[in-house]
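Contents: one structure, followed by commentary.
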Amino acid sequence: MLCSRLLCVCLALFQSGCLATRVRWREPKSVRARPPVLEHFCSPSSQARQLYDEALRHEHACEDACVDLFFSAAVEAGQACRCTNESCPARLLHQSALKKLVVSGQDFRRFDPRTGLVVYWQGVRRTIPVEHYGFVWKDNEFDRLAPVGDYRTNAIRSFHRCGGAGIPLVVTTPNRSGDPFRPKKQNFAATLCLRAQQVESLEQDGAVDHVPYAEAGSAAAINSTPIAAGAPFALELYDPLRVDRRVGCAEPIAKDLSAPLVFGLKGQSRTILADFINPIGNESESRLYFLEPYQSRKIPLVLIHGLLSDPFTWVEMVNELRAQPGFIQRYQIWVYEYPTGRSFFASGAALRKQLNRARELYDPNRQDPYFSNMVLVGHSMGGLIAKLQITTSGDALWRAAANQPFENVYIPPFVRETIRESFFFEASPDIARVVFIGTPHQGSAFARRSIGRFASVLVKLPEEYRQAYQQLIACNPGVFSPETERRIPTSLDLLEPNSELLQAVSRLNIDPQRVQMHSVIGDGCVTLQLGRSDSIVPVESAREYRAQSEFFVPTTHGRLHKDSGVIQEVQRILREHLQSLPACE
């Protein structure tokens, strides 16, 4: 146990280059707007303040009348605000009332972002509709809304947010569709605005029943009072990634594009070490998933993490890419997750199958040219997995592992196809560009150091796999190389510079007419053993001689893919990729 903990600390520092991710997320605070100090500020009416304070008291008493009062306060304060100053007391009160309305409305089951908000306005029961603008998500996928409050994290440096109309939200949606390329839950950004048209008299010649205001929140009142037709209100939900201004006016909307990423980190259980030690504990853990629903005519950008890491390592890059003007209109981000203790040949085979499955599901007739021009970005060992997608193996890899043809070797039936998929494959016709970030094409001395070899020994495989491998070796004496004969190679074994399999990968052919490659190389360290390196991967190992460009950064391995200069280089490459595709111009 002590050894495992020590390994966890050492390897976490090796891979991340920093301490564990820290996240602080606080719910929005109540705002009691003060009278304006400057003349150009708008002051909320005394009635709006009274409604808000009364709503807080009902909320504290756990009474659903607070929903109606927060709504009324939002309407009153919103009508009083005629300026765009973010410090305007009327605007602050309006926004605070909206945030409270979202939280209390959902808590008391009066607000469903898919169907609307049930409130009492001047004693009349109304359903306030919800209108969606700009989303790639379906209306019925808005499961839970969380107003953005105060948050901090060391996972990203820049927070992409700005003021404007409405309030920023994080929307949580479960995967009810059963889409195999979407996780169980996803978070995305939204902005909520309250549209309040000119409020006219609600008297309708007895067509609408009235309820005493004090009873507006009671369940009996909700069940007995009809809904008033022609409600002058609507809740507008905007996608801040794709919409800048409110419909029907020039007013910009408030945005917080970074909040969903931090919100996702908040309660995330990290299983990096467990996935490394038990790489075949759950085959479904190797999976490709999309950050948004699949969109045709957008180029897939696939991010592949490295050793002892997970998809959350890409938070910084995703945060910056999505905030870049024009990116979201041309690209869609996919992320590949896999247990890093397993051989990267097996992880490469799993990704190959998932990419083929995505093609079969979304574009089986190959009518979308954008799908055939995807970009892969791999950090560290993820770059080797990316490389296995753009090469054709022939029998080169198998000859590096065995001296007899595959068909002549006895292999236990239940692992035969798995081994075949790992050693024999064709280059994907759908990948047009690859970016290698700190990729050890020629291995890393770290793998042969004592801690690296100790870590490799810790990797555990199911008993049935171990027995099958022992049977494989016993039934084929003298066939396999020493590298593969001693045990099932782990990811660290294959990263040793003298690995015959790794050297075989480096010699595989890549079609330069089909695939463009780029290298990002860290050279922030100089040692006698490694020379110039990123502290883990020597510069010479990180160089791919067939790459169209090389970008050197004076930083360490774990920080390389998070470096601002590297992210700008990736943005440059993506712009270059667009310019090279006539269909995307």
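The values are calculated or read from the model by the stated rules, or taken from the named source; none is laboratory data. These numbers come from a predicted model, not from an experiment. Backbone-built Cβ (ideal geometry, glycine too); neighbour counts: all protein chains shown. Keep in mind that these areas ignore ligands, DNA and RNA; they rest on the heavy atoms of the full protein, side chains included. Shrake-Rupley method; radii C 1.70, N 1.55, O 1.52, S 1.80 Å.
Label point of Phe552 set 7 angstrom out along Cα-Cβ; within the stretch 499-532, amide nitrogens under 17 Å from it belong to 519-528, 530-532.
Hydrodynamic radius of the stretch 104-204 by the Kirkwood approach over all distinct alpha-carbon pairs: 16.2 Å. For Ser549, nonlocal amide neighbours, meaning residues 5 or more places apart or on other chains whose placed amide H falls under 5 Å from its own, are Ser519. At the listed q of 0.17, 0.19, 0.25 Å⁻¹, the Debye profile of the stretch 499-585, built from one uniform point per Cα, gives log10 I(q)/I(0) equal to -0.83, -0.97, -1.21. I'd like the Karplus ³J(HN,Hα) series for the stretch 535-551: coefficients 6.51, -1.76, 1.60, θ = phi - 60°, whole numbers in Hz, and an x wherever there's a Gly or Pro. Each residue of the stretch 535-551 in turn: 5, 10, 10, x, 4, 5, 6, 7, 8, 10, 4, 8, 5, 6, 8, 10, 10 Hz.
Distances between placed amide hydrogens fall under 5 Å for Gln186 paired with Thr173, all partners being 5 or more residues away or on another chain.
Over the stretch 359-410, the Kirkwood radius and the radius of gyration, each from Cα atoms, give a ratio Rg/Rh of 1.15. For the stretch 375-431 and the stretch 488-535, what is the centre-to-centre distance using only Cα atoms, to the nearest Å? First find each Cα centre; the distance between them is then 17 Å. Projected onto its three principal axes, the C-alpha set of the stretch 42-82 covers 33, 13, 10 Å, listed from the longest axis down.
Let me know the whole percent of all Cα-Cα pairs from the stretch 301-420 that are separated by more than 24 Å. Tail of P(r) above 24 Å: 40 percent of Cα pairs. Counting heavy atoms of the protein chains alone, Ser549 has an accessible area of about 20 Å² for a 1.4 Å probe.
Size descriptors for the stretch 284-365: radius of gyration and Dmax over Cα atoms are 13.4, 38 Å.
According to the square roots a ≥ b ≥ c of the eigenvalues of the Cα gyration tensor, what is the shape class of the stretch 350-442, taking rounded for a/c under 1.5, prolate for a/b larger than b/c otherwise, and oblate for the remainder? Oblate is the answer for the stretch 350-442, as a/c is 1.5 or above yet b/c matches or exceeds a/b. Remark: the stretch 68-144 projects, on average over all directions, an area of 5.8 nm² (convex hull of Cα atoms).
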